[in-house]
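The structure appears right after this line, and notes come after that.
The values are calculated or read from the model by the stated rules, or taken from the named source; none is laboratory data. Not measured: the values here are computed from a predicted model. Note that we place each Cβ from the backbone using ideal geometry, even for glycine, and neighbour counts take in every protein chain shown.
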Amino acid sequence: MQKIAVYPGSFDPVTNGHVDIVERGLKVFDKIIVAILHNSSKKFLFTIEERIKMIEESLSGFSNIEVDAFDGLLVDYAKKREANAILRGMRAVSDFEYEFQLALMNRSLNREIQTVFLMTGLRWIFTSSSIIKEAARFGGDIEGMVPPVVNRKLKEKFGFV
């Protein structure tokens with residue numbers, strides 16, 4: 001049986017921290033589905049289609065990656081995709097309480113799907129999509145914190161091209 005994980009998030013935009021989690025997750029799982037939660041109540045900088053394209057380009061070196069979007073409960077999506085795990089990245093202790101609550105809720109909804117936490121690599125601990133967008137909005141140099149396609153797209157969005 002193939003070990004499949006769903007790596008959920010908004011990925012608005014994808015960062016090198018996200019890429020790091022995927023690369024290391026592939027040492028544990030045979031396949032990772034990077035799944036963008038469709039949340040119409042939140043305002044995003046990039047559309048789902050733009051995020052899918054950026055993630056696909058950022059992870060183009062891997063054949064065992066799929067990028068998708070979904071609505072509804074994560075455990076229902078994971079079951080539908082025949083995944084046996086949810087992959088989550090954590091940057092700091094401050095992430096733990098929220099992630100722990102989510103993992104417990106998901107476990108109560110479906111005991112067959114495990115949550116696996118990977119700590120973000122030390123060089124990415126300070127990065128988040130929100131912080132990167134804020135820096136990019138004011139012309140900050142974010143090269144090296146995001147894949148090249150994301151750097152280019154952020155510059156386009158904020159008129160720095």
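Structure data summary
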read-out: Residue among Arg81, Arg88, Arg137 that alone is modelled with pLDDT of 95 or more, in contact with an Asp or Glu (Cβ under 6 Å, 6 or more places away or on another chain) and under 30 Å from Lys153 (Cβ atoms); value: Arg88
read-out: Residue check for Ile113: buried (at least 17 other Cβ atoms within 10 Å of the Cβ) and either modelled with pLDDT of 95 or more or not small (Gly, Ala, Ser) (or both); value: yes
read-out: Search result, residues across segment 21-32 that are of a type outside the set (Phe, Trp, Tyr) and over 10 Å from the mean Cα position of the chain (by Cα); value: Glu23, Arg24, Gly25, Leu26, Lys27, Val28, Asp30, Lys31, Ile32
read-out: Residue check for Ile55: more than 20 Å from Glu82 (Cβ to Cβ), of a type in the set (Val, Ile, Thr) and more than 12 Å from the chain's Cα centre (by Cα); value: no
read-out: Residue check, Ile55 modelled with pLDDT of 95 or more, out of contact with any Lys or Arg (no Cβ under 6 Å at 6 or more places or on another chain) and in a helix (DSSP H, G or I); value: yes
read-out: Scan of segment 128-139 for residues that are in a loop (DSSP other than H, G, I, E, B) and either in contact with a strand residue (DSSP E or B) (Cβ under 7 Å, 6 or more places away or on another chain) or surrounded by 15 or more Cβ atoms within 10 Å (Cβ to Cβ) (or both), ordered by number; value: Ser128
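Yes or no, residue by residue, for (1) surrounded by 15 or more Cβ atoms within 10 Å (Cβ to Cβ); (2) of a type in the set (D, E, K, R); (3) in contact (Cβ under 8 Å) with a residue 24 or more places away in the chain; (4) closer than 20 Å to Leu109 by Cβ:
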| site | (1), (2), (3), (4) |
| --- | --- |
| Pro8 | yes, no, yes, yes |
| Thr15 | yes, no, yes, no |
| Lys31 | yes, yes, yes, no |
| Phe44 | yes, no, yes, no |
| Glu49 | no, yes, no, no |
| Met54 | yes, no, yes, no |
| Gly61 | no, no, no, no |
| Asn64 | no, no, yes, no |
| Lys79 | yes, yes, yes, yes |
